[in-house]
Amino acid sequence: MTLPSRSIVPISEVVHETPSTVTLRFAWAPAARPGQFVMVWIPGDDELPMSLSYPNGPMGGVTVKAMGATSRAIQTLRPGDRIGIRGPYGRPFDLTPRRVLVVAGGSGAAVLAPAAESARAAGHAVDVALGAVTASELLFRGRFERMGASTEVATDDGSAGRPGFVTPLAERLLEEHPYDAVWTCGPEVMMRRVADLADRHHVPVICSVERQMKCALGLCDACALGPLHVCVDGPVLPWESLRGLEEFGRSFRDPAGRRRAYGSAPP
């Protein structure tokens, strides 16, 4: 077992992936597996959980979408700036399925791309249904294509691929091909719909779940999801663990720990 580490590291490279998303690369040695996450500390600001979009090798990386004040602050960082990294934490993907359907919504592609790369490196077949609001926000489309994954896209505004949400695209692929597993990450509403579709085809589903996290150790209860703590029981979770949780895909906890319905206005 690899114990989590703590390091202050300089940023080596900043890559602008989409208009709203950047990748920070940094020298970071501890071994991590696809699906695990780290806590990233911005000196003078805050600490956020981030899945590793590049978990292996001497150069680690996290891919950050501008969402709140701290994630926007992270996007202003430049090579040479220093950040704190602690981890890795959480449960990774099981990479043994030989044919996988990857369903990525928005920034969820950052979690799924390294898992897909590892599966392809092992000689497994990977099909990708990649969704975004618009063509310019399709994250890691080229990366999926370069690894040899069969990649199809959907955009809400129809500017690339199939017009509309990514779930109908996933439904068609499930109808056309047999899969050993579905891996999905994105909005919880999307993941619940993907799981329901896969159920009809008797395909196991693995969800990478994003929740508020503070300690990453299962102590603070910030990431509680029913009886689960996403930081230690996940973030990679089988649908069987999520199926009966009324909260999954319907509500979330804000930074103060209050439960709020998806789509509700902030207090």
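The values are calculated or read from the model by the stated rules, or taken from the named source; none is laboratory data. For clarity, every value in this text was computed on a predicted model and none was experimentally measured. Reconstructed Cβ throughout: ideal geometry from the backbone, glycine too, with neighbour counts over all protein chains shown.
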task = Considering only the stretch 45-77, state which residues are surrounded by 19 or more Cβ atoms within 10 Å (Cβ to Cβ) and assigned to a helix (DSSP H, G or I).
result = Ser71, Ile74
task = May I ask you to verify whether Arg141 is outside the structural domain of Tyr54 (by TED's automatic domain parsing), of a type outside the set (Asp, Glu) and farther than 21 Å from Ser53 by Cα?
result = no
note = Filter the stretch 247-256 for residues that are within 18 Å of Asp221 (Cβ to Cβ) and surrounded by fewer than 21 Cβ atoms within 10 Å (Cβ to Cβ); the one that is modelled with the highest pLDDT is Glu247
request  = Filter the helices (runs of 4 or more DSSP H) completely within the stretch 106-177 down to those with at least 3 residues that are touching a Pro at 6+ places or on another chain (Cβ under 8 Å) and buried (at least 20 other Cβ atoms within 10 Å of the Cβ).
outcome  = 109-121
query = What about Asp180, is it over 30 Å from Gly60 (Cβ atoms), modelled with pLDDT of 95 or more and not polar (S, T, N, Q)?
reply = no
ask   = Looking at the stretch 63-83, which of the residues that are in contact with a Ser or Thr (Cβ under 6 Å, 6 or more places away or on another chain) and aliphatic (A, V, I, L, M) is farthest from Ser118 (Cα to Cα)?
value = Ala66
task = Could you tell me which residue of the stretch 178-217 is farthest from the chain's Cα centre (by Cα), considering only residues that are of a type in the set (Val, Ile, Thr) and crowded, with 17+ Cβ neighbours inside 10 Å?
result = Val203
